Amino acid sequence: MDRPGYQSSPGLVGQPGCAIYSDGELVYDWVLVPNEANLGGALDRPRPAEILGYVKAKLAGEEAVKPEVDTEASDKLISDAYKAGKMPQFVVDAAQKAGRTLDL
């Protein structure tokens with residue numbers, strides 16, 4: 001997905017909630033409830049490409065599995081960024097306090 005001013009995949013994430021309707025019928029919805037485990041809503045969002053694929057399939061009348069959030073991928077992102085010196089210690093501390101599984 002190319003959008004001016006946005007980092008390309010995998011850096012894009014959905015916003016804290018979305019609802020997609022077609023002809024007044026709900027096709028997809030998702031909401032994030034901020035809590036300690038998702039660092040106040042900063043983690044655990046579905047990927048836009050997966051949402052788009054799901055919605056396109058549903059609108060085409062095809063079977064589709066609703067996208068799920070991959071918390072292991074979020075944990076890996078934090079771990080990898082920390083190892084590369086690009087993740088502040090306070091984020092790692094908060095993630096560990098919340099019980100996230102980090103590979104540091």
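None of the figures in this text is laboratory data; all of them are computed from the coordinates on show. Note that the coordinates shown come from a computational prediction; the quantities given were computed from them, not determined experimentally. For neighbour counting, all protein chains shown are included, and Cβ atoms are generated from backbone atoms with ideal geometry for every residue, glycine included.
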**Asked** Going by alpha carbons, how many degrees (0 to 90, nearest 10) lie between the helix axis of 71-83 and the longest principal axis of the chain?
**Response** 40 degrees
**Request:** Write down, largest first, the equivalent ellipsoid semi-axes of the range 60-104 in whole Å, where each equals the square root of 5 times an eigenvalue of the alpha-carbon gyration tensor.
**Result:** 30, 12, 8
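For the chain, what is the per residue volume of the convex hull drawn over the alpha-carbon atoms, in cubic angstrom?
Output value, Cα hull per residue: 119 Å³.
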**Message:** Within 10 Å of each candidate Cβ there may be at most 14 other Cβ atoms; applying that plus a DSSP loop requirement, which GluC sites (Glu not before Pro) in the range 29-65 survive?
**Reply:** Glu36, Glu62, Glu63
